[in-house]
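Okay, structure first, notes after.
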Amino acid sequence: MRYNLKICRPSYTNMKYELANYERNVNKNVHKYNAYRKAASTLSGLSERVKSGEEAKKLPGIGEKIAKKIDEFLETGKLRKLEDINKDENNVAINELTRVSGIGPAKAKELVDAGIKSIEDLKKHLDKLNHHQQIGLKHLEDFEKKIPRAEIQVIEKRIKEAAEGIDEDYIITICGSYRRGKEESGDIDVLLTHPIYTSDIKDSKKHTALLKLLVKKLEAKKFITDTISHGDFKFMGVCKLDDEKPYRRLDIRLAPHDQYYCAVLYFTGSDLFNQKMRAHALENKYTLNEYTLKKLTTEGTPGDAEKITCEEDIFKILGLPYKKPKERSV
Ligand code: DCP
Ligand code: MG
Ligand code: MN
């Protein structure tokens, strides 16, 4: 998930995202990063702006400290803490370099320490970048453009047609923010399975071919333009719908059929929602991940995988009311 702050008008929500990025990129404080993101996500979901920190405190994910920051912003139009952060040119440089797909905070810091402090500098040092990062740099502007829902709808059709041309029984779900009903997405998250592919079959060659065949076909159609990485179960790359459209980040994952709904749940997100759901599972002595839901034994080790035939099963077993994808953005 990436936030392009420069093109947005200043608001306390953006400030929270900017503070979140700072905590992740510079301080390596994932806890604070999540706290700021949670607050920002709550605030951005409101139809009207809050008028005071006191009012904001009633909302989930907003405590004393963040309420104070909202007051400061409402009173002065800025945040001292952010201004101080942005006074340090190395912080600014780290943030700029992490705009490139594949460059995380650690790599950005390494580059900044080596004197590379801007995207322009980076273009002169391609040798310092791995394949993923080079593609990220090549398509930087395009990857920062959001993908309209209508474009993903066409892409969905395109991918499903290609798949059906190989084998009618492919099952494909576009997950991520698109499945959560967002009008715009950062990338396209495709999940793939096939009824003959189950996790108990040891000879997996035939099954991992399912992903390879689809990728090959989409490359032949000039829809997939670059490969970032291509493993047995996960393809990461780049696609382009037609000459008019920007290059888009495309992820395709292959899941065994019996693990499909845990994969759908995971890949639909949001990541914060997944964190909450996993924490809730643990409180109820279950362990949930992108593959399976398992009851924990009295020793705390995972038991057999629960039989899951739809997303609702997962909620039901965990004693949670079902949430539609649209309701999973926080
Ligand atoms: N995911 C997760 N934890 C992560 C990364 C991803 O649980 N650290 C899951 C939840 C995400 C899904 O994978 O919703 C897809 O990841 P994306 O980064 O593509 O995120 P989204 O599709 O939700 O948002 P965007 O519109 O930015 O692509
Ligand atoms: Mg996505
Ligand atoms: Mn993705």
Worksheet item: What residue, among those in segment 184-198 that are open to solvent by less than 50 Å² (accessible area, probe 1.4 Å) and not in a strand (DSSP E or B), is farthest from ligand 2 (Cβ to nearest atom)?
Response: 198
Practice prompt. Of the numbered conditions (1) free of Cβ contacts under 8 Å to residues at least 40 places away in the same chain; (2) small (Gly, Ala, Ser); (3) more than 15 Å from ligand 2 (Cβ to nearest atom), residue 165 fails exactly one; give the number of that condition.
Written response: (1)
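Out of 101, 47, report the one residue that is touching a helix residue (DSSP H, G or I) at 6+ places or on another chain (Cβ under 7 Å) and assigned to a loop (DSSP other than H, G, I, E, B). Steps first, answer last, please.
Numbers: 47 fails: touching a helix residue (DSSP H, G or I) at 6+ places or on another chain (Cβ under 7 Å).
Exactly one residue qualifies, and that residue is 101.
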Item to complete: Check residue 18 against each of (1) surrounded by fewer than 12 Cβ atoms within 10 Å (Cβ to Cβ); (2) within 29 Å of residue 274 (Cβ to Cβ); (3) acidic (Asp, Glu) and name the one condition it does not meet.
Response: (1)
Worksheet item: Limited to segment 139-148, what total is found for residues that are farther than 13 Å from residue 241 by Cβ and in a helix (DSSP H, G or I)?
Response: 4
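Rundown of residues vs (1) within 27 Å of the chain's Cα centre (by Cα); (2) without any contact (Cβ under 8 Å) to a residue 12 or more places away in the chain; (3) open to solvent by less than 60 Å² (accessible area, probe 1.4 Å), yes/no style:
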{"site": "70", "(1), (2), (3)": "yes, no, yes"}
{"site": "79", "(1), (2), (3)": "no, no, yes"}
{"site": "84", "(1), (2), (3)": "no, yes, no"}
{"site": "90", "(1), (2), (3)": "yes, no, yes"}
{"site": "98", "(1), (2), (3)": "yes, no, yes"}
{"site": "103", "(1), (2), (3)": "yes, no, yes"}
Worksheet, complete the sentence: Of the conditions (1) in contact with a helix residue (DSSP H, G or I) (Cβ under 8 Å, 6 or more places away or on another chain); (2) part of a helix (DSSP H, G or I); (3) modelled with pLDDT of 95 or more, the single one that residue 135 does not satisfy is (1)
Worksheet item: Restricting attention to segment 151-175, and to residues there that are under 20 Å from the mean Cα position of the chain (by Cα) and of a type outside the set (A, V, I, L, M, F, W, C), which single residue is surrounded by the fewest Cβ atoms within 10 Å (Cβ to Cβ)?
Response: 153
Discussion item. So, in segment 206-233, exactly how many residues are in contact with an Asp or Glu (Cβ under 6 Å, 6 or more places away or on another chain) and either within 16 Å of ligand 3 (Cβ to nearest atom) or open to solvent by 20 Å² or more (accessible area, probe 1.4 Å) (or both)?
Written reply: 0
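Considering every residue within segment 234-257, establish whether at least one is part of a helix (DSSP H, G or I), open to solvent by 40 Å² or more (accessible area, probe 1.4 Å) and within 12 Å of residue 314 (Cα to Cα). Talk me through it step by step, then tell me what you get.
In the first step, residues of segment 234-257 are kept if they are part of a helix (DSSP H, G or I); the result is 257.
Of the ones still in play, those that are also open to solvent by 40 Å² or more (accessible area, probe 1.4 Å) are 257.
Within this subset, residues satisfying the condition of being within 12 Å of residue 314 (Cα to Cα) are none.
Taking every residue of segment 234-257 in turn, none turns out to be part of a helix (DSSP H, G or I), open to solvent by 40 Å² or more (accessible area, probe 1.4 Å) and within 12 Å of residue 314 (Cα to Cα).
For segment 149-183, give me each residue that is within 14 Å of ligand 3 (Cβ to nearest atom) and either charged (D, E, K, R) or not in a strand (DSSP E or B) (or both).
Going residue by residue through segment 149-183, those that are within 14 Å of ligand 3 (Cβ to nearest atom) are 152, 155, 173-180, 182.
Passing the criteria: 152, 155, 175, 176, 177, 178, 179, 180, 182.
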Discussion item. For segment 241-286, give me the residue count where each residue is more than 16 Å from ligand 2 (Cβ to nearest atom), touching a residue at least 60 places away in the same chain (Cβ under 8 Å) and among the hydrophobic types (A, V, I, L, M, F, W, C).
Written reply: 3
Worksheet item: In segment 272-330, what residues are among the small types (Gly, Ala, Ser), under 21 Å from residue 199 (Cα atoms) and open to solvent by 50 Å² or more (accessible area, probe 1.4 Å)?
Response: 305
Worksheet, complete the sentence: All-but-one check, residue 225 against (1) part of a strand (DSSP E or B); (2) within 16 Å of ligand 2 (Cβ to nearest atom); (3) hydroxyl-bearing (Ser, Thr, Tyr), failing number (2)
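Looking at 198, 193, 225, which is the one that is in contact (Cβ under 8 Å) with a residue 12 or more places away in the chain and closer than 30 Å to residue 110 by Cα? Steps first, please.
Numbers: 198 fails: closer than 30 Å to residue 110 by Cα; 193 fails: closer than 30 Å to residue 110 by Cα.
Result: 225 is the single residue among 198, 193, 225 that is in contact (Cβ under 8 Å) with a residue 12 or more places away in the chain and closer than 30 Å to residue 110 by Cα.
The values are calculated or read from the model by the stated rules, or taken from the named source; none is laboratory data. All figures in this text were calculated on a predicted structure; none of them were measured in a lab. As a convention, Cβ positions derive from the backbone with ideal geometry for all residues, glycine included, and neighbour counts pool all protein chains shown. These accessible areas exclude ligands, DNA and RNA; they are computed on the full protein's heavy atoms, side chains included. Shrake-Rupley method; radii C 1.70, N 1.55, O 1.52, S 1.80 Å.
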